1. Can you give the local net charge around Ser537? Use residues other than it whose beta-carbon is closer than 9 angstrom to its beta-carbon, Lys and Arg +1, Asp and Glu -1.
2. Compute the signed sum of charges (Lys and Arg +1, Asp and Glu -1) over the other residues within less than 12 Å, Cβ to Cβ, of Pro351.
3. With only Lys, Arg, Asp and Glu charged, each at its Cβ (+1 for the first two, -1 for the last two), find how big the charge dipole of the chain is about the Cα centre; round to the nearest 20 debye.
4. With a/c under 1.5 counting as rounded, go ahead and sort the range 166-276 into rounded, prolate or oblate using the C-alpha gyration tensor (a ≥ b ≥ c being the square roots of the eigenvalues; past the cut-off, prolate if a/b is larger than b/c, else oblate).
5. Among the listed pairs Lys310/Lys357; Lys492/Lys521; Lys307/Lys361; Lys521/Lys647, give every one whose C-alpha distance is greater than 28 Å.
6. Could you give the semi-axes, largest first, of the ellipsoid that matches the range 41-144, computed as the square roots of 5 times the alpha carbon gyration tensor eigenvalues and rounded to whole Å?
7. Mean projection of the alpha-carbon convex hull of the range 340-494 over all orientations, in nm²?
8. How long is the chain along each principal axis, judged by its Cα atoms, biggest number first, in Å?
Amino acid sequence: MNTKMTENPAPKMPASLDQDQFLTILSREEALARFEAALFPRELPHERRALADVLGCALSKDVTAPIDVPPFDRSNVDGFAVRSSDLASATEAAPVRLLLNDEVIACGVAPVRPVLSGTATSIATGGPLPRGADAIVMVEHTQPAGSRAIEIRRAASPGQFVSYAGSDIARGEALLRAGTMIGSREIGMLAACGIAEVSVARKPRVAVISTGDELVQPGEALRPATIYDTNGAIVTAAINENGGEARFLGAIPDDEVALEAAMRRALVTSDMLVLSGGTSKGAGDVSHRIIARLGKPGIIAHGVALKPGKPLCLAVCDGEPVIILPGFPTSAMFTFHDMIVPVLRRMAGLPPRSDAKVAAKVPVRIASELGRTEFVMVSLVEGADGLIAYPTGKGSGAITSFAQADGFLKIDALADQMPAGTEAEVTLFTPHVRVPDLVIVGSHCTGLDLVTAPLARAGLTVRSIAVGSLGGLAAAKRGECDLAPIHLFDDKSESYNTPFLTDGLELVPGWRRMQGIVFRKGDARFEGRSAQEAVRSALADPACIVVNRNQGAGTRILIDRLLGDARPDGYWNQPRSHNAVAAAVAQHRADWGMTIAPVAHASSLGFIPLAEEHYDFALVRARKQRSAVQAFLDALASQEARNALTKAGFRPA
Ligand code: AMP
Ligand code: MG
């Protein structure tokens with residue numbers, strides 16, 4: 001694919017764009033191999049830098065210790081330098097008396113007198129061992145015996161309390177290897193050897209550009225149909241985390257001329273260019289067409305068998321890597337960490353990242369598409385025997401799952417699933433495992449944060465993973481969480497939650513959430529009416545649009561009961577959350593729907609109360625005595641939490 005495209009670098013006509021797309025889909029391994037072959041081996045620029053200026057840099061040459069550390073045999077304690085053979089017979093009953101030599105070896109004082117048999121020399125911690133001495137006796141283990149002598153009541157082994165020259169670092173030993181990322185410890189080692197300057201790899205300068213007409217920078221106001229530029233900030237930070245020096249150049253609209261100019265400018269002053277967006281089939285997607293004109297050999301891979309991440313585009317333009325990450329932030333992150341970080345680190349003179357991978361067991365079966373390497377976002381929790389990796393992905397469009405995710409795992413292209421119980425390798429987004437003190441898996445509610453706030457203040461970390469009531473219940477049964485928040489209505493007993501508990505689980509009452517009809521204030525079809533009247537008047541108006549909820553949601557049951565057989569316009573719009581319903585009504589995409597009171601009020605919408613839902617916790621009994629669980633139960637019962645819940649529109653049980 002790459003050779004064909006560089007033979008014919010002329011811009012493609014828009015009409016042929018569809019056929020252009022992903023003519024050759026490469027496997028992940030093939031794409032990476034071709035990309036690396038086009039980039040390496042290469043000369044890595046390096047520079048000499050003063051010690052004060054090398055934190056976070058990668059050493060570019062091995063450093064050999066030029067001296068012994070410590071440079072001489074020295075005392076580890078305050079005491080007396082002795083000949084151990086003099087003390088062989090010393091006991092409590094028969095102390096040995098040693099004459100004091102006429103000198104005191106302080107730090108920085110070179111001894112002049114030898115320690116002859118029968119004598120001792122006073123020495124401070126860090127003082128050089130005098131000639132003849134082979135051990136130190138601590139001052140606490142001696143008694144003065146007149147002004148010129150001491151008594152010692154125990155034997156000393158040769159070498160006692162002595163640090164020998166070179167025992168920490170030996171002259172000629174490899175002190176630090178090329179590729180070591182320099183931290184405070186490494187700086188200490190270099191300083192101990194007297195090294196003031198080292199050769200480090202020059203950090204690759206990486207230009208970052210976001211593309212898309214819809215992007216607005218954080219800090220600015222969103223206009224209709226615009227979204228915040230997420231990739232710019234994430235990619236910039238992730239580059240800096242992996243040895244690069246990122247420069248964010250902003251978001252460029254989907255305009256071929258403007259984008260080409262920005263890309264050419266970026267290439268002049270950088271060693272690498274990372275774009276995001278504009279690489280899939282959209283008519284406005286132009287960046288990959290520009291790349292073909294920027295330099296040889298051009299596009300190496302456009303379309304990689306990844307899920308998500310198929311639109312990834314890898315190119316090399318006159319020696320410089322140019323990458324277009326997929327637009328969806330999660331896809332951008334997966335492909336960046338999996339395919340770009342290895343290349344970036346090599347260019348930065350760093351070895352592959354070893355601290356960013358952990359092994360963890362996957363508790364549930366994960367289905368996977370055959371033929372594509374699949375990335376699955378996971379949240380790590382501590383299980384009975386090791387880490388558990390909880391899949392939290394919600395599709396490539398969701399940035400929200402990022403908030404709960406620690407990293408991701410990969411399912412091989414040749415596998416159609418990852419069976420439950422698999423020990424998988426998890427790539428961490430940030431090389432630091434945060435094992436939470438309290439794990440809450442189940443239905444999400446904004447009230448939860450109000451209860452867990454004091455835990456966070458007390459330094460306890462809380463992980464809440466939103467998988468819905470049934471998913472939470474299953475996790476609780478497997479013992480993977482402490483608590484599962486649920487709101488499940490049992491038709492038979494006409495009661496909430498309790499009928500769903502099994503052995504090993506107990507119910508902790510949470511709070512009630514008022515569900516009702518949400519509408520825009522002032523809408524006469526709803527204002528001042530009961531729920532039944534409001535629905536009647538909505539159904540009477542063919543222009544009135546409803547927003548529904550997904551099958552399985554407790555709220556959906558209520559809507560269906562109200563509607564009976566009616567299927568008004570909007571019925572098949574079935575978002576999965578209370579917030580999405582409020583957003584649809586607030587943004588005039590629908591006129592009414594069913595949500596919970598706090599969400600309606602937060603959006604300043606009108607609300608007609610209908611029925612109270614019980615939001616309770618299934619507590620895993622085996623984990624009840626854990627201190628974080630007790631802290632949660634205390635917080636739940638506290639007046640502070642009850643007040644906060646009430647204020648937010650919930651009714652504590
Ligand atoms: P594209 O590949 O440009 O078609 O983008 C795919 C999806 O990702 C679209 O929904 C874009 O709005 C979204 N997207 C693209 N770039 C960004 C970005 N920098 N931040 C957040 N979302 C983005
Ligand atoms: Mg775009």
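The values are calculated or read from the model by the stated rules, or taken from the named source; none is laboratory data. All of these numbers come straight from a predicted model, not from anything done at the bench. Neighbour counts run over all protein chains shown; Cβ positions are idealised from the backbone, glycine included. Side chains included, ligands, DNA and RNA excluded: accessible areas come from the protein's heavy atoms. Shrake-Rupley method; radii C 1.70, N 1.55, O 1.52, S 1.80 Å.
1. +1
2. Its environment carries a net charge of +3.
3. Magnitude of the dipole: close to 260 debye.
4. prolate
5. Lys492/Lys521, as the Cα separations exceed 28 Å there.
6. 45, 13, 12
7. Working: hull surface 48.4 nm².
If I average the Cα hull's projected area over directions, I get 12.1 nm².
8. 113, 70, 44
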